[in-house]
Each structure stands twice: as structure tokens, then as C-alpha cells.
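Some notes on the structure that comes next.
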Amino acid sequence: MDLGVSGKVAVVMAGSRGLGRAVADSLATEGAHLVLCARGEASLESAAASFRDRGTEVVTVVADAADPHTPERLVEVAVHHFGSVDIAVANAGGPPPGRALELTEGQIADALQANLLASMRLVGAAVPHMRRRAWGRICCITSYTVVQAVPTLALSNLARTGLWAWVKTAAHDLAAEGSGITLNLVCPGRHATERMVALGGDGAGAGDPADFGKVVAFLCSSPAGFVNGAALVVDGGDTLAL
Ligand code: NAD
């Protein structure tokens, strides 16, 4: 199947490792140009080098996704360097574990910055450019906690359900104006990344990040143009919430 993203420009936040990198990899394989951001220069440049070796044009930006200026900066870099932004993938590291009644205001503020506001900012920065070309694909990487709360991941439950509610309504508005832009949530279950190991997982029965990247690349494709305002759970059937 031709995904129709060859030559498109994709901004991928937190794209140096893990699921973000897998998404960037899939988009690069389909011929997209990349603007990648991560906080660590070494891992970002290593990811970029591996894409460039395969002929992908990549621009890197060392930045924290949770910094309020980062999303706009990434979009500006994409427009300056490539002339457009066609695909935007919002991603950031997950918040630390914690139970609902033990959270501090500082932890809540950090989680909202990284896992709610950063995504909203990327949408806000990218949409005006996508509107001009009447085409755009935006995916926000969240978690299965959007559909099934986890008692020990209260920060994730909080920030990501807020994002889901906002995405649902924003996607509706984008459709109503005939923008040609889709906005979806992708909700990973357990995948074998550093994040999973940090949370104590051993990788048994976990999903392959490369497959996850291909799912997101499909949502960013031309044929997925009628998939909008969806929350696609990619968890191998783990989650039982209906
Ligand atoms: P990861 O920690 O393995 O990788 C995250 C990548 O993003 C790393 O390259 C890291 O340097 C970068 N990053 C983290 N925070 C950043 C920030 N603030 N600014 C810029 N770059 C940043 O994580 P992952 O497993 O790839 O997960 C990606 C997202 O999916 C996270 O929000 C995570 O909570 C969520 N998630 C993952 C799983 C899983 O099993 N892997 C399951 C559910 C949800």
C-alpha cells in the first residue's frame, strides 16, 4: 500500500529513542523528511545519522518537549528548512509513577506540561501551516491509561485523559471546517522500550516498537484521511476497558 507520505515533512517530538524513534523510522522508510527533537544531543544525532545513512533528510533540534517554546520552534524549523509541515507527532517521556493521593503540585504541573500542553502546543503551531495546504496528519502518543486508569500511574491517567478530551473536540472542529487535517491519539500498551524497563517490565509479551511505528505511520498516511478524533489502543489486547 502506498501511504502517500513520500516527500512530506514530519515533525516528531522526542524522536531519538523508543516509540518516537520508531515512528520517525517508519515515516523515513516511507520517504518523509524529518524534523526530530530530543533533550540529549548524542542520542538525537545518533538517530539522525542512522536516518541520513538511508537517504532521509533530517533536521535535529535539541530541546525539551515540555518547554513551552519547543513545539513552535520545531514547526518554524520545519517550515524554514523544508517549506512546510505536513505531519506532526507529539510525544514526550512518560511521567513518573505515583498514586493519586500522593501527588505533589509540582509533579502535576510537570506532567501537564509534558503530556498535555506540549501536544496541544504542537497542534496549535502546526495547524495554521497545514490549513494552507489543506492537508495534515497529527498523532499524539499517549498511553493505554487513557482508556483504563492504572492506580500507580496517576499522573499519566490525569494528563493523558485531559489530552484525549481536548483532541476529541479539536478533531471535530478541524473536520467541521473541512481542513483536510486529521488529529488522533495513539495509545500504546506495553512495548519493549527503555521506558518499560524503567517501570520494571521485563519485555515478555510486550509489543515491538517498530510495529508501533508502522501503525502511527499509517495514521499519518493519505488513506487514513477519514480516521479522525480516534484513540487507537495498540496493546495486543491487554486492556479490557470497552
Ligand atoms: P522512552 O523513555 O523509551 O523514550 C522516550 C524518548 O523521548 C527518549 O529518546 C527520551 O530522551 C525522549 N524524551 C523523553 N522526554 C522528553 C522530553 N521532555 N523532551 C524531549 N525528549 C524527551 O519512552 P517510550 O517507551 O518510547 O514512550 C513514549 C511515550 O509513550 C511516553 O509518554 C510513554 O509514557 C508512553 N507509553 C509507553 C509505553 C511503553 O510500554 N513503552 C506504554 C504506554 C505509554
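The values are calculated or read from the model by the stated rules, or taken from the named source; none is laboratory data. Nothing here was measured: the structure is a model prediction, and the numbers come from that model. Every residue, glycine as well, gets a Cβ built from its backbone with ideal geometry; the counts of neighbours run over all protein chains shown. With ligands, DNA and RNA removed, areas are computed over all heavy atoms of the protein, side chains included. Shrake-Rupley method; radii C 1.70, N 1.55, O 1.52, S 1.80 Å.
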Would you pick out the residues in segment 140-178 that are within 13 Å of the ligand (Cβ to nearest atom), more than 20 Å from V216 (Cβ to Cβ) and touching a Gly at 6+ places or on another chain (Cβ under 6 Å)? L155
Would you tally the residues in segment 49-64 being under 20 Å from L27 (Cα atoms) and not in a strand (DSSP E or B)? 9
In contact with a helix residue (DSSP H, G or I) (Cβ under 9 Å, 6 or more places away or on another chain), of a type in the set (V, I, T) and closer than 26 Å to V123 by Cβ: does that describe T169? no
Pairs, please: C-beta under 7 Å, at least 6 apart or cross-chain, first residue under 22 Å from A66 (Cα atoms) and of a type outside the set (G, A, S) and in segment 1-28, second part of a helix (DSSP H, G or I) and modelled with pLDDT under 95? R17/E194
Going through segment 65-97 one residue at a time, which ones are within 13 Å of the ligand (Cβ to nearest atom) and buried (at least 18 other Cβ atoms within 10 Å of the Cβ)? A65, A66, T70, P71, L74, V89, A90, N91, A92, G93, G94, P95
Among the residues of segment 212-242, count how many are open to solvent by 80 Å² or more (accessible area, probe 1.4 Å) and under 16 Å from G4 (Cα atoms). 2
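Quick grid of which residues meet (1) open to solvent by less than 10 Å² (accessible area, probe 1.4 Å); (2) within 13 Å of the ligand (Cβ to nearest atom); (3) of a type in the set (S, T, Y):
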| site | (1), (2), (3) |
| --- | --- |
| A24 | yes, yes, no |
| E30 | no, no, no |
| E41 | no, yes, no |
| E45 | no, yes, no |
| R52 | no, no, no |
| T56 | no, no, yes |
Exactly one condition in (1) within 12 Å of the ligand (Cβ to nearest atom); (2) under 17 Å from V186 (Cα atoms); (3) in contact with a helix residue (DSSP H, G or I) (Cβ under 7 Å, 6 or more places away or on another chain); (4) not acidic (D, E) is not met by C37; state its number. (2)
Residue that is farthest from C187 (Cα to Cα), among those in segment 8-22 that are touching a Pro at 6+ places or on another chain (Cβ under 8 Å) and within 6 Å of the ligand (Cβ to nearest atom): G18
